[in-house]
Amino acid sequence: MQRSQAIAVVTRETRLEGLLARWGTAGAAKFRLKAAHAHERMLSARGPVDAAATDAGQDDKALAEAAFEAYEAEDRVYRATLDRIADELDLGFPVTHVRREYVANYDFRNCVVVVVVGQDGLVANTAKYVGDVPIVAVNPDPTRIDGVLLPFDIGSTRQAVQGVIRGTAAIREVTLAEAELNDGQRLLAFNDLFIGSSSHTSARYTLTVEGLSEPQSSSGMIVSTGAGSTGWLSSLFNMYDGFGEWLRASNMVENMSERPPAAGLRLGWEDPRLAWAVREPFLSKQSGASLVAGLLEEGEEIVVESLMPSRGVIFSDGVESDFLEFQSGSIARIRRAQQRARLVG
């Protein structure tokens, strides 16, 4: 029996909700914020407070109140947005709300459309689990959220969803990355995959790409999609350029002026290629540093064999709680996923 179609609305916890979940009450949360300001003031003064302590205490209270009011304002706007969207989505389909923490376990197969109510990270994390269901991404607070992945606001949500239902919506097919282990476990990434250690210890593994293999010890590997090429991956280019500029300015390396800047790598969201890079490879008797970066063309893959007896992990899009264990005996194949994220707009 075919299940009836529905609209799923994916939401997130606000900062206020997180604060209250941690401290229980608004009063306790404000006290903690005030205590943090007071502690920082004492450290900055390099000693105990003086006779102006009363005035300083009032300043601490005012700063804590201002910070808490910011949390409250964000929460009010978000809740008001959800209320408005509930009215906009009165289109004859049942509407289900899915909190961020339940996205990985929710069955989206009966959904005609998934409406994600910001921020960008929520879109990236949702896209991995909805299959081929189109995503309408809504910016709930344009004054505070840039919303690179959030093309719609409250006023345009209904029209965007109607376009999906009618089959007339413009949809971007965004490339995803995939890590598959030799035991069949699989993890998708909208922005990037991290392969390494869950702690600050070195990651040990053997990397195989384009027929070449090398044992490595590093801070882990990043494999980026086009959507993620301006994110975590870009920080590696920033480091490369920063070191180059320092060496050129200090004249510590001859002919450094001939070395071009990395200038970053920008891939389109639909680009089927993946960029990979090794973070801080260490050269030693047991580890090499000749395979450090490259592009995986469509149909190509890299193979990574874990040499870590413990703490090896693979996670995607910065969500460390959603990971694959990557211990000795695990072999991962990294490639472009067959599945694509389908973003409306």
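The values are calculated or read from the model by the stated rules, or taken from the named source; none is laboratory data. The shown structure was predicted, so the numbers you read here are calculated from the model rather than taken from an experiment. We place every Cβ from the backbone using ideal geometry, glycine too, and count neighbours over all the protein chains shown. Side chains are part of the model used for accessible areas, which takes the heavy atoms of the whole protein and leaves out ligands, DNA and RNA. Shrake-Rupley method; radii C 1.70, N 1.55, O 1.52, S 1.80 Å.
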(Q) Rolling a 1.4 angstrom probe over the protein chains, ignoring ligands and nucleic acids, what is the accessible area of Asp90 in square angstrom, nearest 10? (A) 110
Q. Quick one, which of [x] 24.0, 77; [y] 20.2, 59; [z] 29.7, 115 is the actual Rg and Dmax of the Cα atoms in Å calculated for this model?
A. [x]
Q: Only helical DSSP H runs with n ≥ 4 go in: add -39500 (n - 2.57) per run for the chain, normalise by residue count and round the 222 nm mean residue ellipticity to 500 deg cm²/dmol.
A: -10500 deg cm²/dmol
(Q) Checking the a/c ratio against 1.5 first, then a/b against b/c, what shape does the Cα gyration tensor give for the stretch 76-132? (A) oblate
Q. For Ala289 and Ser213 in one chain, what is 0.36 nm times their gap in residues minus the Cα-Cα distance, to one decimal in nm?
A. 26.3 nm
Q. So for the chain: antiparallel DSSP bridges make up what percent, rounded to the nearest 5?
A. 75
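Might you report the magnitude of the Cβ-based charge dipole of the stretch 295-340 about its Cα centre, with Lys and Arg at +1 and Asp and Glu at -1, to the nearest 20 debye? Write down the numbers at each step before the final one.
Working: 5 positive and 9 negative charges, 15 e Å.
Charge dipole of the stretch 295-340: 80 debye, to the nearest 20.
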